[in-house]
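Working notes, structure below.
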Amino acid sequence: MAALRPRFRGLFLALAGCLLASAAQPHGARAPEDHPGGVPIASLEHGQMAVLARHRGEILALAARHYPVDETLRRLTNHAEIQFAYCLWGLMPGTVTDAASPFNGCAHAYLATAREALLRLESLPGKSPAVDRLRQRIDADMLANSRDLDLCQHSGEEFGTGRIVGPDWGALPGHWPSLLAVLALPLAAIAAMAALRRPRRTLRA
């Protein structure tokens, strides 16, 4: 048990560092405009998010396996992973589904980037047949979902690899599911540390 304590503290500190880094952005929102080398990323409609969230891992896995290495694709996938971390890995309640969530804007960013990576994969020579199969499944899911035209305040927003979109921390007090989740983090950490410190009972034969 003692060996687990440093690992737990490291995990908790990493999560706290991510929260502080995101909160350091004004209103939790936008970093500076793209630098000249930034790759533009088209906006994403709110109703498309749930479908793309289900297929995000497959898109990035196909992008990682693509050869030869494409610099634009590499930058898109790297940006998608960074955005995902800034959005707390999509773990906060309502991140993808709730337009009022403080994390919905950054979810738009990481899912729009994943879709842009898929579009880039489709355009590259020598693409795997799995790319077309995945695109067909995503299109079918969009039709079945029948909500792909739903809009929200972030639906018209364009992104780029030269900036990071963080959570809107200023909106946190008005979104009680996210607020409760953030407030629960210290309690969960205390409970976990207490459990690790609890002496183990030895069983007697």
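The values are calculated or read from the model by the stated rules, or taken from the named source; none is laboratory data. What you are looking at is a predicted structure, and each value in this text was computed from that prediction instead of being measured. Positions of Cβ are generated from backbone atoms using ideal geometry, with glycine treated the same way; all protein chains shown enter the neighbour counts. Surface accessibility is based on the protein's heavy atoms, side chains included, excluding ligands, DNA and RNA. Shrake-Rupley method; radii C 1.70, N 1.55, O 1.52, S 1.80 Å.
Brief remarks follow.
- Ala61 meets all of the listed conditions (1) modelled with pLDDT under 90; (2) of a type outside the set (Val, Ile, Thr); (3) within 23 Å of Ala130 (Cβ to Cβ) but one, namely (1).
- Long-range neighbours under 8 Å by Cβ, at least six apart or interchain, first residue among the charged types (D, E, K, R) within segment 77-104, second outside any helix (DSSP H, G or I): Asp98/His175
- Among the residues of segment 93-109, those identified as closer than 18 Å to His55 by Cα and open to solvent by 10 Å² or more (accessible area, probe 1.4 Å) are Gly94, Val96, Thr97.
- Only residues that are acidic (Asp, Glu) and within 13 Å of Leu60 (Cβ to Cβ) were counted across segment 80-101, and they come to 1.
- Failed condition for Gly28, given (1) modelled with pLDDT under 90; (2) at negative phi: (2)
- Counted residues, segment 33-84 - those being more than 26 Å from Ala99 (Cβ to Cβ) and among the basic types (Lys, Arg): 3
- Residues of segment 45-74 that turn out to be closer than 15 Å to Leu124 by Cα, assigned to a helix (DSSP H, G or I) and of a type in the set (D, E, K, R), as a count: 3
- Residue pairs whose Cβ atoms lie under 7 Å apart, separated by 6 or more positions or on different chains, with the first residue in segment 37-51 and modelled with pLDDT of 85 or more and the second of a type in the set (Phe, Trp, Tyr), are Ile41/Phe159.
- Residue satisfying all of: in segment 88-131; touching an Asp or Glu at 6+ places or on another chain (Cβ under 7 Å) and of a type in the set (A, V, I, L, M, F, W, C); nearest to Pro68 (Cα to Cα) among these: Leu124
Quick grid of which residues meet (1) open to solvent by 50 Å² or more (accessible area, probe 1.4 Å); (2) small (Gly, Ala, Ser); (3) farther than 19 Å from Ile164 by Cα:
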{"site": "Gly38", "(1), (2), (3)": "no, yes, no"}
{"site": "Met49", "(1), (2), (3)": "no, no, no"}
{"site": "Tyr67", "(1), (2), (3)": "yes, no, yes"}
{"site": "Arg75", "(1), (2), (3)": "yes, no, no"}
{"site": "Ala80", "(1), (2), (3)": "no, yes, no"}
{"site": "Ala85", "(1), (2), (3)": "no, yes, no"}
{"site": "Leu91", "(1), (2), (3)": "yes, no, no"}
